[in-house]
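J.: Once you've had a glance at the structure underneath, I'll fire off some questions.
The values are calculated or read from the model by the stated rules, or taken from the named source; none is laboratory data. Since we're looking at a predicted model, the values are computed, not measured. All Cβ positions, glycine included, derive from the backbone under ideal geometry; neighbour counts span all protein chains shown.
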Amino acid sequence: MEVEGPDRVKKTSSRLKEPAGSNQKPDGLLVLRTLAMPRDTNPNGDIFGGWIMSQMDIGGGLLASEVAEGSVVTVTADKMTFLHPVRVGDTVCVYAKLLRIGRSSMDIHLEAWAKGLVDDFARDRRRVTTGLFRYVAIDKNHRPRPVPARARNKIDRRSSSA
């Protein structure tokens, strides 16, 4: 697997992991924090990737709705990279960074991070996945509508690291 830039990953024992000693921090605003529950597991006991992706979509949708000042829909979720499993009892945090505002669309880079809570207070959080999501502002008839011009000012305020 070939990945460009600082997000290079290496394959170890059938799981993709970030390089050892990685001291990365979340990039963007904290838009959602939740707890991984048993109902969201696969047969191996790990949290389903689809559940994590849905949490990312919810968090990204919250930021997109704020920027668009109204309803939005998800159009694409692209470039998903899963790096680590999430376990039952982990706290999952989603961070969002607004990358682009078009006429009616917004591109938002999302990262999901996890950290164990039970009996593991000292363990560092880990980035479990990233993705690029596109949202489109819609009107009351569910048709695309322009993102308000004043939203372009929010790209600097809302996307900076927390």
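J.: Which condition breaks for residue 32 when tested against (1) touching a residue at least 60 places away in the same chain (Cβ under 8 Å); (2) in contact with a Lys or Arg (Cβ under 9 Å, 6 or more places away or on another chain)?
T.: Every listed condition holds for residue 32 apart from (2).
J.: Moving on to the next point. Looking only at region 37-57, which residues are surrounded by 15 or more Cβ atoms within 10 Å (Cβ to Cβ), under 15 Å from the mean Cα position of the chain (by Cα) and either modelled with pLDDT under 95 or not β-branched (Val, Ile, Thr) (or both)?
T.: Selection gives 49, 51, 53, 55, 56, 57.
J.: Still on this structure: Say whether the condition of being in contact with a Ser or Thr (Cβ under 9 Å, 6 or more places away or on another chain), outside any strand (DSSP E or B), buried (at least 19 other Cβ atoms within 10 Å of the Cβ) and touching a residue at least 40 places away in the same chain (Cβ under 8 Å) is met by at least one residue in region 68-84.
T.: Looking through region 68-84, at least one residue is in contact with a Ser or Thr (Cβ under 9 Å, 6 or more places away or on another chain), outside any strand (DSSP E or B), buried (at least 19 other Cβ atoms within 10 Å of the Cβ) and touching a residue at least 40 places away in the same chain (Cβ under 8 Å).
J.: Report whether or not residue 107 is of a type in the set (D, E, K, R), over 26 Å from residue 48 (Cα atoms) and either at pLDDT 95 or above or surrounded by 20 or more Cβ atoms within 10 Å (Cβ to Cβ) (or both).
T.: No, not satisfied.
J.: Follow-up question, since we're still on this one. For region 85-104, enumerate the residues that are more than 15 Å from the chain's Cα centre (by Cα), surrounded by fewer than 18 Cβ atoms within 10 Å (Cβ to Cβ) and assigned to a strand (DSSP E or B).
T.: 87, 100
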